[in-house]
Amino acid sequence: MTRYLTGAFLCFLLLTGTQTAKAWGPLGHRIVAEIASFHLTPKAKAGVAAIIGNETLAMIANWPDFIKSDSTGRYNHTNPWHYLDFPGHIDRAEFDRLMLELKGENLYSQTLAMVRELKDPRTPKDRRRFALTFLVHLLGDLHMPLHAGRDEDMGGNKITVYWFDRPTNLHRVWDEHLIDYQQYSYTEYAGLLNRVVTPARARELRAGTPADWLWESHVLSDKIYDRTQNGDKLSYRYNFLFVEDLNSQLTKGGFRLAAVLNEIFK
């Protein structure tokens, strides 16, 4: 197993990693991971530390996107792990039927696979690190609504829009632009989102299964598609319409990642 990112090599990838088709972008993934770190049980903290040492969840959260720049092709098989497309405006019954018919590796199947690997005491340490790193990332992906979007436009990548008159695409608006517009560091953003969650709300956020959470993301993707058309000029009004949804998804991702890790390392 190739050594994982440390020191100068990590800094290099932080500077050079591409942004194509990423969920949340680096800032969003770090926000999700940082929120999760606030809610780990002592056993989960110990279990995570045994795998990644003094690194934090936020530090490893973006590695599955950075490796898309690896020119050797050794990680190409992980590209389909980051998303799962569905037709628009289906009901939950149709969603569940399609989930049962899934073939091949995808966001849902590999989220469950990483959990299984981490629970299995026979999994070698290097593979445990790989699984933990991907699980942290995939739980973020799962809560980015356009990673449960539509195949025909590649989750909004083919929908051209303008963000404050700058040409971009709908996927990237949700990857980066909306989060960057809030003007917080990932630690500030995670702290602000975490601070307003009551114990009762936390219990609600942790409820459900990865399939339930993916369904929620898909429902939100329908709302986004309905309110965003090719060629739209997006700015203050768009932020007003969706900032609560954005914050909710980041918060859900963080609390649910913690819940999954707490279950793995209980």
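Annotations for the structure displayed:
- Every residue from the stretch 80-94 that is without any contact (Cβ under 8 Å) to a residue 24 or more places away in the chain and outside any loop (DSSP other than H, G, I, E, B): 93, 94
- Exactly one residue out of 97, 122, 129 is under 27 Å from residue 55 (Cβ atoms), charged (D, E, K, R) and either touching an Asp or Glu at 6+ places or on another chain (Cβ under 6 Å) or assigned to a helix (DSSP H, G or I) (or both): that is 129.
- Among the criteria (1) buried (at least 21 other Cβ atoms within 10 Å of the Cβ); (2) assigned to a helix (DSSP H, G or I), the one residue 188 does not fulfil is (1).
- Residues (without any contact (Cβ under 8 Å) to a residue 12 or more places away in the chain and out of contact with any Ser or Thr (no Cβ under 9 Å at 6 or more places or on another chain)) located in the stretch 154-175: 158, 166
- Unmet criterion (only one of (1) closer than 22 Å to residue 32 by Cα; (2) in contact (Cβ under 8 Å) with a residue 40 or more places away in the chain; (3) exposed (fewer than 15 other Cβ atoms within 10 Å of the Cβ)) for residue 193: (3)
- Close Cβ contacts (under 7 Å, 6 or more residues apart or on different chains) running from residues in the stretch 102-116 that are over 10 Å from residue 81 (Cα atoms) to residues that are of a type outside the set (Asp, Glu) and surrounded by fewer than 19 Cβ atoms within 10 Å (Cβ to Cβ) comprise 102/109; 112/210.
- In the stretch 152-166 there is at least one residue matching the filter, namely being assigned to a helix (DSSP H, G or I) and charged (D, E, K, R).
- Hits in the stretch 29-78 (condition: assigned to a helix (DSSP H, G or I), out of contact with any helix residue (DSSP H, G or I) (no Cβ under 8 Å at 6 or more places or on another chain) and charged (D, E, K, R)): 45
- Scanning the stretch 171-185 for residues that are in a loop (DSSP other than H, G, I, E, B) and closer than 21 Å to residue 60 by Cα yields 184, 185.
Each value in this text was obtained by applying a stated rule to the coordinates, not by laboratory testing. Keep in mind that what you see is a predicted model, and the values were worked out from it rather than measured. Cβ atoms come from the backbone with ideal geometry, glycine included; neighbour counts cover every protein chain shown.
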